[in-house]
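Participant: What follows is a structure written as structure tokens; I'll ask about it next.
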Amino acid sequence: MDVAVRRKARFFSIWLWAGLLASTFGLTSVQAACGHTRLFVDGSLDERDEACRAIEEVLHYFERGELRIDPELTIRFQREVYVDVVNPLTNETSLIRVSGIYRAGTKELQMTSSHSPWISQRRPWGLAWDQEFAHSILQHEIVHAELAQLMAGSYDKLPRSWHEALAYAVQIDLMPPNLKARVLEPYRSEEGFVNTLEVNDTTYELNPDAFAVASYKLYVRKGRLDFLKRVISLQLDTIRMNDFVP
């Protein structure tokens with residue numbers, strides 16, 4: 001066997017073993033995932049399927065409002081995901097563990113793996129973590145990514161609290177009926193935000209769960225996707241008190 005043939009045989013052997021290991025342990029790094037040429041998913045086979053399902057659900061949701069997107073995104077499932085948080089009083093930076101985060105600068109979504117040992121500690125809306133919640137939070141982060149694409153150069157002009165308000169609103173709207181009922185039941189007397197000044201970093205950071213529900217109820221009252229399009233087009237005056245009065 002000559003050198004060239006031996007090299008080809010060795011390369012094929014390595015490639016075959018890599019494929020067998022990936023199949024055995026459920027590991028994969030998929031490019032051009034879910035039929036989209038600019039979508040990459042790095043995770044297990046189950047996580048890839050979960051990502052594909054979540055992104056198609058978000059894309060179809062936006063299509064109802066004639067918002068069509070060719071996703072440009074990398075989704076990475078990791079054992080742990082952290083975000084830098086700056087203390088406004090001391091200016092010190094600390095790392096906070098989160099379920100997921102979208103980073104607009106790199107067009108990357110980092111998501112905590114559902115197999116991570118600490119994920120059971122998460123209690124969104126005070127409810128026990130389960131696979132439906134994991135899928136819903138993945139959708140939330142995908143909404144961030146798709147809004148970033150839709151807004152392009154104006155993405156940074158929309159305050160962070162509004163990005164969260166829209167992502168939460170769409171997330172809740174996409175929830176299966178039983179999950180949505182569990183989330184909304186404790187807030188049945190909550191009317192939702194009634195003016196733009198209520199959507200701000202303080203109300204978000206004070207109680208993200210209540211902020212999410214108040215954002216969703218405002219979103220529904222104002223026409224769902226029609227309202228979203230107004231917001232991402234920066235057509236709302238965020239200092240006038242009567243913008244959102246019914």
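The values are calculated or read from the model by the stated rules, or taken from the named source; none is laboratory data. Here the structure is a predicted model, which means the values were calculated and not measured. Heads up, the Cβs are rebuilt from the backbone with ideal geometry, glycines too, and the neighbour counts pull from every protein chain shown. Remember, those area values only see protein heavy atoms, side chains included, never the ligands or the DNA or RNA. Shrake-Rupley method; radii C 1.70, N 1.55, O 1.52, S 1.80 Å.
Participant: For Lys222, list the aspartates and glutamates whose Cα falls under 13 Å from its own Cα; do not include residues on the same chain fewer than 8 positions away.
Facilitator: Glu191, Asp243
Participant: In Å², what does the accessible area per residue of the stretch 95-146 work out to with a 1.4 Å probe? Before the final figure, lay out each step's value.
Facilitator: On the way: 2130 Å² over 52 residues.
On a per-residue basis, the stretch 95-146 sits at 41 Å².
Participant: So which GluC sites (Glu not before Pro) in the stretch 138-203 pass both tests, a DSSP loop state and at most 14 other Cβ atoms within 10 Å of the Cβ?
Facilitator: Of the GluC sites (Glu not before Pro), the ones in loops of the stretch 138-203 whose Cβ has at most 14 other Cβ atoms within 10 Å are Glu190, Glu191.
Participant: So which trypsin sites (Lys or Arg not before Pro) in the stretch 168-205 end up in coil per DSSP with only 12 or fewer other C-beta atoms within 10 Å?
Facilitator: Passing sites in the stretch 168-205 are Arg188.
Participant: Give the percent of DSSP beta bridges with both residues in the stretch 63-198 that are antiparallel, rounded to the nearest 5.
Facilitator: Antiparallel bridges make up about 65 percent of those DSSP assigns within the stretch 63-198.
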